[in-house]
Every structure is written in structure tokens, then in C-alpha cells.
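Trainee: The structure under discussion is supplied below as C-alpha cells; questions concerning it will follow.
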2 protein chains.
Amino acid sequence: MILKKKKIFNDFAASKGLRSTRQRDIILDIFLSTHQHISVEELYLKVKSSNPGIGHATVYRTLKLFAEAGLAREILLHDGQTRYEHVVAGEHHDHLVCTGCNLIIEFEDETIEKLQNEIAARHGFLINSHKMEIYGLCANCRR
Amino acid sequence: MILKKKKIFNDFAASKGLRSTRQRDIILDIFLSTHQHISVEELYLKVKSSNPGIGHATVYRTLKLFAEAGLAREILLHDGQTRYEHVVAGEHHDHLVCTGCNLIIEFEDETIEKLQNEIAARHGFLINSHKMEIYGLCANCRR
DNA sequence: TATAAATTGAAATTGAATATCAAAAGCATG
DNA sequence: CATGCTTTTGATATTCAATTTCAATTTATA
């Protein structure tokens, strides 16, 4: 699984004529070891703790590459930080976001995906990606 | 319609103990006269052209009030600018965004809304709002 | 190994958004 | 309508994420 993702990135790098560097390997390893929805800053700190030499800009640049390669997806929630989540082939999930405690629950719904395709087709759109977030209060915060 | 919205804002202001000011009236007028998805900067420039005295900060502050009052909704697309769209009571639409030319098409789908409610219920969520954006290429850009 | 090209990282820069705070304006009261 | 209190405004400074710059380093290839 992780190996497969590394291969995806290597293939992407090769096809783009990118060079293989120690920094990108490290950042990829650490990104793959994280949970969902990590912000660039969070990942940067994680990287920095084991590899103090790696700079800010490199983490930003590298995450953009991961997104281009199809390994990661940028998500904008409402805290002013860009976050990245893992892309799992053939799977797309959306988010329930609790405005009380910032809990994020992922869900997947095939019917919604289908409807999206229909809507896009109706407007002549070729879908590349989508995102959906539902905001509200989770069971805990409702009390 | 516009009058109704002004009333909504006035009622909101009254309930919050906010004062009625020339600036807020002007910004509301101009906001109501705009098309969908205006960025704060765009609105600021519009306001400034007829009322050079009105400041940056006031436009930001006032748009936040409109959102609180339920007249406007913040949307984050992918250009680093916060945009505001008009909220129409009882109606919610989502967006098809063309990554080629930045065309934005609105759509509404009741079935999706229903599914969202079911999903939320399944997780014990109380929905407050949601947003959905589908990214891809519009009919023109596909060619 | 030498060369050319890509990559890195520190620092500077950008740009959106917010905070600060003195001056101005709104509002209630006498 | 003058007074006094509070909110609001706007110029400016500040914050903070993200990007750009560019000299030094590293990688790939011959």
C-alpha cells in the first residue's frame, strides 16, 4: 500500500523529469505515515523534528507535487490552513465537520457520486474532482 | 426582495444592538446589487469607486455581519480569496467550477440534499450548512 | 569526474485578513 | 439640542500562510 504509493510518486516524478531527492523521500514517508487532514504546518513540524535541515518551502513545494501526482488532495476547511488528505484510488469520501469541536467524520455515498455525474453531464462538464462538506454539530456537541 | 433583505439586516442589527451607519447601508446596497460570488476585494473596489472614504476593514467587518445575519455565505474556492454569495431563503445551490476558465455554474439538487440529511442523521449530526463543489472542465474548455 | 540542470533552504516578499486605537458618529437621556 | 457614553470607522500596523528569490548544493548524464 505504502510501497504502491511510493511507486506512484516515482512514476510521476519520472514522467515529469523530476529528480529523486532525499528530502522528497523523507517528506513522502512522513506524509504516508500521518492521519488524514494534516495541515502543511503540522507536516512541516513533523518533518522538522526528525530532519531539522528540511525547509519550509520544500514541504510546501513537495505537497503540491503529491497533489499533482494524485497522492494527496488539498482541502480548505475554515481555519485558514490548507490541509492535505490522502487520496485512495477508487475511493472518494466527503466530510462531516462539527463546528463545535472540529471533529471531522468521513463518509462516502455512491448515490451522491452518481448524482454528481448526472449533474455534470447535464452541463457538459467533465468532472475532475469534487468536494463536499457538511457543517453542523456532532452528537456530543448537540447536548 | 432587496427591501426584504434590508429588513432582515435591520432586524438582525436591532437584535444585536448594532447601530445603523451610513457605511453599512452603502455596503449592503452594493452587495445586493452584485452578482454571485464576489470577493471581498472586488466588493471593496466597487464600494470605493462611489465612496472613496470607506475603508478596507469596514468592508471585511460588514460582510461578516451579513453572513451572521444570514444574508450572505462565505465560500472558499481555490484562488486564495474569500468570496461571498447571496443567500436566498429556502434555497441552496452548489457549484460546478471549471478549472479551465473559472466559470462557475450553480445547481440545486433535492435528492442530494435529502441524502445529506440522511447521512447526517446516521452520524448524529445536526446540519447547519453544507457546501459542495464539483471541479472539472466546462463544455467549452473540453474542446 | 565534469557539466548542465534541477533542487534546496534561508530570507525576503506577497497578499489576504485581522488588530489597534484615536477620532468620528450614533443613540439615549436630560 | 446639548451631554455623555458607546459603537463604529479608517488609517496603519500587524499577523500569518504561502510564494518567490537566488546562491549554494545536489542530482543525473555524458
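The values are calculated or read from the model by the stated rules, or taken from the named source; none is laboratory data. Here the structure is a predicted model, which means the values were calculated and not measured. Neighbour counts are summed over all protein chains in view; Cβ atoms, including those assigned to glycine, are modelled from backbone coordinates with ideal geometry. These area figures cover heavy atoms from the full protein model, side chains too; ligands, DNA and RNA do not enter into them. Shrake-Rupley method; radii C 1.70, N 1.55, O 1.52, S 1.80 Å.
Trainee: Figure the gain on full extension for A:Thr21 and A:Val88 (residue separation times 0.36 nm, minus the Cα-Cα span) and round it to one decimal in nm. Provide the component values of the computation, followed by the final result.
Mentor: Details: separation 67, 0.36 × 67 = 24.12 nm, distance 2.43 nm.
Here the answer is 21.7 nm.
Trainee: Please list, in chain and number order, the residues 5+ apart from A:Val87 or on another chain whose amide H is under 5 Å from its amide H, with Hs placed from the backbone.
Mentor: Here the answer is A:Ala72, A:Arg73, since their amide H atoms fall under 5 Å of that of A:Val87.
Trainee: Whole number in Å², please: accessible area per residue of the protein assembly as shown, 1.4 Å probe, ligands, DNA and RNA not counted.
Mentor: 54
Trainee: With each pseudo-label sitting 7 Å past Cα toward Cβ, what's the A:Lys4-A:Asn117 distance in nm, one decimal?
Mentor: 2.0
Trainee: What gaps in nm, shortest first, separate A:Arg19 from its twins in the other copies when you place the label 7 Å past Cα toward the beta carbon?
Mentor: 6.3
Trainee: Still on this structure: Roll a 1.4 angstrom probe over the protein heavy atoms and tell me the percent of accessible area of chain A that is carbon or sulfur.
Mentor: Details: 4020 of 7730 Å².
Answer for chain A is 52 percent, counting heavy atoms of protein chains only.
Trainee: Could you derive backbone 3J(HN,Hα) for segment B:8-17 from the dihedral phi with the Karplus parameters 6.51, -1.76 and 1.60 (θ = phi - 60°), listing whole Hz in sequence and x where the residue is Gly or Pro?
Mentor: My calculation for segment B:8-17 gives 4, 5, 4, 4, 4, 4, 4, 5, 9, x Hz in order.
Trainee: Mind pulling the angle between the C-alpha long axis of helix B:22-32 and the longest principal axis of chain B? Nearest 10 degrees, somewhere in 0 to 90.
Mentor: 30
Trainee: Pairing the Cα long axis of helix B:40-50 with the longest principal axis of chain B, what angle in degrees results, from 0 to 90 and rounded to the nearest 10?
Mentor: For helix B:40-50, the angle is close to 40 degrees.
Trainee: Continuing with this model, one more query. Do any of B:Lys16/B:Lys64; B:Lys4/B:Lys48; A:Lys16/A:Lys131 go past 21 Å between their Cα atoms, and which?
Mentor: Numbers: B:Lys16/B:Lys64 14 Å; B:Lys4/B:Lys48 25 Å; A:Lys16/A:Lys131 27 Å.
Too far apart for the 21 Å limit: B:Lys4/B:Lys48; A:Lys16/A:Lys131.
Trainee: Which ³J(HN,Hα) values in Hz, rounded to whole numbers, follow from the phi angles of segment A:57-62 under the Karplus curve 6.51 cos²θ - 1.76 cosθ + 1.60, where θ = phi - 60° and Gly and Pro get x?
Mentor: The phi angles translate into 4, 5, 5, 4, 4, 5 Hz.
Trainee: Note the buried accessible area between A and B here, summed over both chains, with a 1.4 Å probe, in Å² to the nearest 100.
Mentor: Counting both chains, the buried surface is close to 3200 Å².
Trainee: Projecting each Cα onto the charge dipole of segment A:2-86 (Lys/Arg +1, Asp/Glu -1 at the beta carbon, about the Cα centre), which of A:Leu71, A:Leu18, A:Leu43 comes out farthest on the positive side?
Mentor: Of the candidates, A:Leu18 comes out farthest on the positive side.
Trainee: Springs between alpha-carbon atoms under 10 Å, Gaussian network over chain B: tell me which of B:Ile26, B:Ile119, B:Ile104 tops the mean-square fluctuations.
Mentor: So, out of B:Ile26, B:Ile119, B:Ile104, the one fluctuating most is B:Ile119.
Trainee: Hey, in the protein assembly as shown, which Cys have no second cysteine's beta-carbon closer than 4.7 Å?
Mentor: A:Cys101, A:Cys141, B:Cys101, B:Cys141
Trainee: With labels modelled as points extended 7 Å from the Cα through the Cβ direction, what inter-label distance (nm, one decimal) is found for A:Phe107 paired with B:Leu45?
Mentor: 4.0
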